[in-house]
Amino acid sequence: MLTSIDAFLRYFDAVNRRAMRDIAALPPEADGWTPATGEGEKAWSINKLIGHMAGSRLYFASAYRGEGWISPAPPDVSSRDRWLPALEESVREFRRRLEGTPAEWLERKVQMIDSEGGLSGWRVLMMMMEHDIHHRSQIDTYAGANGWDVPQIYNRAAETIGALQEQQRAKHGLTGEGHAL
C-alpha cells in the first residue's frame, strides 16, 4: 500500500519512463497507424492512444484531488514528433497537481463517477497507473504485430532467462520441473 504521495510519484516516474521508452522506439510508420478492424477504443490509432494516455493522467488527478472526474481537452498528438512532448507535459502537470497533497488523501474516499460509493485515494492513483500500463501494452502489442521492435521491460528477454534456468535449478538443488535433488 502507498503511504505517501512522494512514494507514489517515484513509482509513477518509473512506469512513465517505460512508456516514454516504448513510444520513442516506435518507427515513423507507427505515426497514424490504426488497427484494420474494431470499433471504439479498439479502433484508435497509436496517436489517439498516446493522447488518451496523456489526458487520462489528468482525469485521474482531478478525481484524486476531489475536483470531479473531469477529462481535459486532448493534447495535440497529430504527428509522431508531438507524442513525447504531450506525455512529458502530462507528467509535469500530473506531478504539479499531486505534489504536496496530504498523506491523508491516500486513505480518503473518492466518489466514483458512475456508481455509488467511493474508492480510497491510493486506489484511484493505482487505477491511473494500471490504465497507463494497459495502453502502453496495447501499443506494444500493435508494435509487435507489425514487426516493429518492442523494448524489453527490464532489458531481459524470456529466452535469456530460460537459458539460465538449468543453472538456477542446480544452484538451488532442484531438477527437472522444480523437484528437489
Is there any pair with a first residue in the range 13-33 that is of a type outside the set (S, T, N, Q) and a second that is at pLDDT below 95 whose Cβ atoms are under 6 Å apart and which are 6 or more apart or on different chains, and what are they? 21/151; 22/151; 25/149; 25/151
Identity of the residue in the range 116-172, of a type in the set (Ser, Thr, Tyr), more than 18 Å from residue 16 (Cα to Cα) and in a helix (DSSP H, G or I), that ends up modelled with the highest pLDDT: 142
Would you point out the residue of the range 1-27, among those that are surrounded by fewer than 14 Cβ atoms within 10 Å (Cβ to Cβ) and basic (Lys, Arg), that is farthest from residue 98 (Cα to Cα)? 21
Mind checking whether some residue in the range 111-125 is surrounded by fewer than 16 Cβ atoms within 10 Å (Cβ to Cβ) and in contact with a helix residue (DSSP H, G or I) (Cβ under 6 Å, 6 or more places away or on another chain)? no
Take residue 5 and decide whether it is in contact with a Pro (Cβ under 9 Å, 6 or more places away or on another chain), of a type in the set (Val, Ile, Thr) and within 25 Å of residue 106 (Cα to Cα). yes
What residue, among those in the range 34-72 that are free of Cβ contacts under 8 Å to residues at least 12 places away in the same chain and among the hydrophobic types (A, V, I, L, M, F, W, C), is surrounded by the fewest Cβ atoms within 10 Å (Cβ to Cβ)? 36
Listed residues 79, 56; which is at pLDDT 95 or above, among the hydroxyl-bearing types (Ser, Thr, Tyr) and within 17 Å of residue 15 (Cα to Cα)? 56
Check whether at least one residue in the range 101-110 is of a type in the set (Ser, Thr, Tyr) and either crowded, with 19+ Cβ neighbours inside 10 Å or under 30 Å from residue 29 (Cβ atoms) (or both), and report yes or no. no
In the range 54-76, the residues that are outside any loop (DSSP other than H, G, I, E, B) and among the hydrophobic types (A, V, I, L, M, F, W, C): 54, 58, 60, 61, 63
Would you say residue 149 is surrounded by fewer than 16 Cβ atoms within 10 Å (Cβ to Cβ) and in contact (Cβ under 8 Å) with a residue 60 or more places away in the chain? yes
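The values are calculated or read from the model by the stated rules, or taken from the named source; none is laboratory data. Keep in mind that this is a model prediction, so the values were computed, not measured. All Cβ positions, even for glycine, are placed from backbone atoms using ideal geometry, and neighbour counts span all protein chains on display.
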